[in-house]
Amino acid sequence: MAKCKKAPKRFDEINVIPFIDIMLVLLVMVLTTATFIKQGVIPVNLPEAKKADKQDTKKEVTIYVNAKGEIFFEKNRVNLKSLKENLSTISKEQTVILRSDKESRFQDFVSVMDILKELEHEQLYIVTKE
């Protein structure tokens, strides 16, 4: 009598429970560490951009425009005239970071950009969410 070979067992389904367990552990780790990510001192809700580059900034000054249209230069509230005076004292090679709330008026953003253009500051980064 000839022995009958057993056909290899087919996989009709995949057990995904271990995969789900691993994903849940990773999700918990991400959510617990996400609260420790440093936010700016002045709360602004940043607009989103599809392509955002993270830049290595060494010497920088930060300008904030919040939803109320208030302008801050390095955490100090200023008006447009004071902002222009403060920016005129820094080097044109120094990096300027602009954090404008997405709910702020576009005119506030344009006013800050006008001052930067007038003072010929070329090293400008506008911060957005990725």
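If R0 equals 41 Å, the separation of the Cβ atoms of Met113 and Leu31 corresponds to a calculated FRET efficiency of about 0.65.
Ordering of 82-88, 16-22, 101-107 by packing is 82-88, 101-107, 16-22, highest average first (other Cβ atoms within 10 Å, averaged per residue).
Hey, which of these cross-link pairs are over 18 Å Cα-Cα: Lys68/Lys102; Lys50/Lys102; Lys50/Lys117; Lys75/Lys117; Lys84/Lys117? Display every interim value, and only then the final one.
Numbers: Lys68/Lys102 11 Å; Lys50/Lys102 15 Å; Lys50/Lys117 25 Å; Lys75/Lys117 22 Å; Lys84/Lys117 11 Å.
Distance filter (> 18 Å) returns Lys50/Lys117; Lys75/Lys117.
Mean sequence separation of contacting Cα pairs (under 8 Å, at least six apart), scaled by the length of region 60-126, corresponds to a relative contact order of 39 percent. Database remark: amide H of Val78 closer than 5 angstrom to the amide H of Ile71, Phe72, Phe73 (H placed geometrically; neighbours at sequence offset of 5 or more, or on other chains; Pro and chain starts carry no H). Ordering His121, Ile63, Ser88 by Cα displacement along the dipole of region 60-126 toward the positive end leaves Ile63 in first place; charges were set at the Cβ atoms of Lys, Arg (+1) and Asp, Glu (-1).
Read-outs: derived from the displayed coordinates by stated rules, not from any lab. Since the model is a prediction, treat every value here as computed from it, not as a measurement. In this analysis, Cβ positions are derived from the backbone assuming ideal geometry, glycine residues included, and neighbour counts consider all displayed protein chains.
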